[in-house]
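Visitor: First the structure, then my questions, so here it is.
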């Protein structure tokens, strides 16, 4: 029994096998059975949302739960590397102190209140439409104009060309906005 215990010690295993001590001979039964946190998880390729570079990310999920977000080694942009914000994407999504409600401070108020997302989105849509209705110019000096300069849109650089095309169509043709730009050109 004592010899069995000694034979499992990493040093004895190294001497017996001639190994260098950083392989299975240095592992306990517990460490031999450990698996990566992504073991058995599905992976989805994604793009980091935090700037215009477009670094590739691997998003691991299992049973409807986010498991890990890592750099994608096959990305021609980042080759598996992420900046501090990109590397912290998992924590930014799963941290227990992450805000899950929209914070809103009414005009002249001294405190913030929580709104559910649907209420906040309705408020934004109402304000956009009210601004368009109030400021839309159909003509100027007898010429057809069909625009408003009272609103602007600054798009994010991580959107693809199709998404930017649809946004431009919505805001120009649908709302008459002419003040449209995109972070991607910066």
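The values are calculated or read from the model by the stated rules, or taken from the named source; none is laboratory data. Quick caveat, the model's predicted, so the values are computed rather than measured. In this analysis, Cβ positions are derived from the backbone assuming ideal geometry, glycine residues included, and neighbour counts consider all displayed protein chains.
Visitor: So, of the residues in region 18-30 that are in contact with a helix residue (DSSP H, G or I) (Cβ under 6 Å, 6 or more places away or on another chain) and not in a helix (DSSP H, G or I), which turns out to be modelled with the highest pLDDT?
Guide: 19
Visitor: Now for a different question. Of all residues being within 27 Å of the chain's Cα centre (by Cα) and touching a residue at least 24 places away in the same chain (Cβ under 8 Å) in region 160-181, which is surrounded by the most Cβ atoms within 10 Å (Cβ to Cβ)? Just the residue, please.
Guide: 180
Visitor: Quick test for you: out of 69, 77, 15, pick the one residue that is modelled with pLDDT of 95 or more and either loosely packed, with under 15 Cβ neighbours inside 10 Å or outside any helix (DSSP H, G or I) (or both).
Guide: Residue meeting the stated conditions: 69.
Visitor: I would also like to ask the following. Of the numbered conditions (1) loosely packed, with under 10 Cβ neighbours inside 10 Å; (2) within 27 Å of residue 182 (Cβ to Cβ), residue 63 fails exactly one; give the number of that condition.
Guide: Of everything listed in (1) loosely packed, with under 10 Cβ neighbours inside 10 Å; (2) within 27 Å of residue 182 (Cβ to Cβ), residue 63 misses just condition (2).
Visitor: Something else now. Please go through (1) surrounded by 11 or more Cβ atoms within 10 Å (Cβ to Cβ); (2) at pLDDT 75 or above for residue 35 and return the number of the only condition it doesn't satisfy.
Guide: Status for residue 35: all satisfied but (1).
Visitor: Restrict the check to region 107-126 and report whether at least one residue is assigned to a strand (DSSP E or B), over 30 Å from residue 56 (Cβ atoms) and more than 31 Å from the chain's Cα centre (by Cα).
Guide: No, region 107-126 contains no residue that is assigned to a strand (DSSP E or B), over 30 Å from residue 56 (Cβ atoms) and more than 31 Å from the chain's Cα centre (by Cα).
Visitor: Tally the residues that are touching a helix residue (DSSP H, G or I) at 6+ places or on another chain (Cβ under 7 Å) and either loosely packed, with under 13 Cβ neighbours inside 10 Å or touching a residue at least 24 places away in the same chain (Cβ under 8 Å) (or both), restricting the search to region 116-151.
Guide: Qualifying residue count, region 116-151: 2.
Visitor: Right, another one. Out of everything in region 38-54 that is closer than 19 Å to residue 156 by Cβ and out of contact with any strand residue (DSSP E or B) (no Cβ under 7 Å at 6 or more places or on another chain), what residue ends up being surrounded by the most Cβ atoms within 10 Å (Cβ to Cβ)?
Guide: Across region 38-54, the extreme among qualifying residues is 50.
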